[in-house]
1. Identify, by number, the condition in (1) at pLDDT below 80; (2) under 32 Å from the mean Cα position of the chain (by Cα); (3) surrounded by 14 or more Cβ atoms within 10 Å (Cβ to Cβ) that residue 321 doesn't meet.
2. Kindly provide the set of residues from the stretch 142-186 that are on the phi > 0 side of the Ramachandran plot, surrounded by fewer than 16 Cβ atoms within 10 Å (Cβ to Cβ) and in contact with a strand residue (DSSP E or B) (Cβ under 9 Å, 6 or more places away or on another chain), ordered by number.
3. Kindly list the number of the only condition in (1) over 22 Å from residue 97 (Cα atoms); (2) surrounded by fewer than 16 Cβ atoms within 10 Å (Cβ to Cβ); (3) in contact (Cβ under 8 Å) with a residue 12 or more places away in the chain that fails for residue 190.
4. Would you list the strands (runs of 3 or more DSSP E) that sit entirely within the stretch 147-258 and hold 2 or more residues that are touching a helix residue (DSSP H, G or I) at 6+ places or on another chain (Cβ under 8 Å)?
5. Taking the stated definitions as given, is residue 288 outside any strand (DSSP E or B), at pLDDT 90 or above and closer than 13 Å to residue 230 by Cβ?
6. Restricting attention to the stretch 119-141, which residues are in contact (Cβ under 8 Å) with a residue 60 or more places away in the chain and surrounded by fewer than 19 Cβ atoms within 10 Å (Cβ to Cβ)?
7. Answer yes or no as to whether residue 90 is buried (at least 19 other Cβ atoms within 10 Å of the Cβ), under 30 Å from residue 211 (Cα atoms) and under 36 Å from the mean Cα position of the chain (by Cα).
8. Only one residue in 76, 114 is in contact with a helix residue (DSSP H, G or I) (Cβ under 6 Å, 6 or more places away or on another chain) and surrounded by fewer than 19 Cβ atoms within 10 Å (Cβ to Cβ), so which one is that?
């Protein structure tokens, strides 16, 4: 918990960058809007394609309205709930905040963020006396300031204040807190107002943004004719084509235009989307073949296909082996696969088996090998970030020392561009 003069804020960080040693982040002031959350995520390089990198790693509270919130309630918590709590917190006055903070340090402490939100609807359920730290001080308060003890002033001289304070706290089930005064139940009834299903929609910024991000992801399909060629279409009617991650062209159905290679946008003399799509794919496939891509019909006549499944750990790695790669299928959700003792998010296919070292390095799970199914090559081919440059150079040593025509050594590398997060189709 950080204490700053910036009201109530949460620290947003990128999990992948954090695990690589980057400890920076952005504080998002709550309650926030969906647009403000979107801007905060983009500042941390988090988009629809890597929303799993989002995580909360701290909270900051305005010093005059400070309240202690367990770190794990934030780190493992729900941003929508935190956003709603911040709105409830903001409506409390300083005395109510101080009382709630005292509750958080007492035996009355709520056990979850849901219970804490409900506490904000029950500000009068507890009575709080700041500045009382001993039974003697408590006894003096009850005798002289509370109005609960009625007796002549001269009689009060014979009252043992410490004994009175101890007895009163037992009767009220009150607690003396080292730094937070005295807290006890007031006798007011508890009101069960909130449940997690009752968060108003305008506070559900993460849930709503996830839905919008999901719409932005679009659909990914593989070319049925050219190896490594994929298409991605967005809901707004635009799309692009990529060859192993390298963008080859774009399409805009609304404007009836296509763009291929380095050329500019070209109007299409067609009336239907199918005709525009057919022309676009024909030109893109021609360019892909010119760049060295192979036609699927000529690839080993299908041959043996070796499957490797990946889960969430592999997605965080963000890469996969390039050599002998034939395709990838991403499932819509975690899926059980016969023979695999964990749910997976998709499968990779190769014409040759990977080594055990590659399986460990990329966190892949070996599946059934040798399936002769030509159609399996035609699946969702989602380009992902390749191995590092150093690793690729090491793998391609046979291609490094090539003599140029003038006799000088020349370094040649053939490293495909297929980063996750570039234009993908």
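The values are calculated or read from the model by the stated rules, or taken from the named source; none is laboratory data. What you are looking at is a predicted structure, and each value in this text was computed from that prediction instead of being measured. Cβ: placed from backbone, ideal geometry, glycine included. Neighbour counts: every protein chain shown.
1. Unmet condition: (1).
2. Of everything in the stretch 142-186, just one residue is on the phi > 0 side of the Ramachandran plot, surrounded by fewer than 16 Cβ atoms within 10 Å (Cβ to Cβ) and in contact with a strand residue (DSSP E or B) (Cβ under 9 Å, 6 or more places away or on another chain), namely 173.
3. Among (1) over 22 Å from residue 97 (Cα atoms); (2) surrounded by fewer than 16 Cβ atoms within 10 Å (Cβ to Cβ); (3) in contact (Cβ under 8 Å) with a residue 12 or more places away in the chain, the lone unmet condition for residue 190 is (1).
4. Correct list: 175-177, 181-185, 229-233, 238-243, 246-252.
5. yes
6. Within the stretch 119-141, 121, 122, 124, 125 qualify.
7. For residue 90, the condition - buried (at least 19 other Cβ atoms within 10 Å of the Cβ), under 30 Å from residue 211 (Cα atoms) and under 36 Å from the mean Cα position of the chain (by Cα) - is not met.
8. The conditions single out 114.
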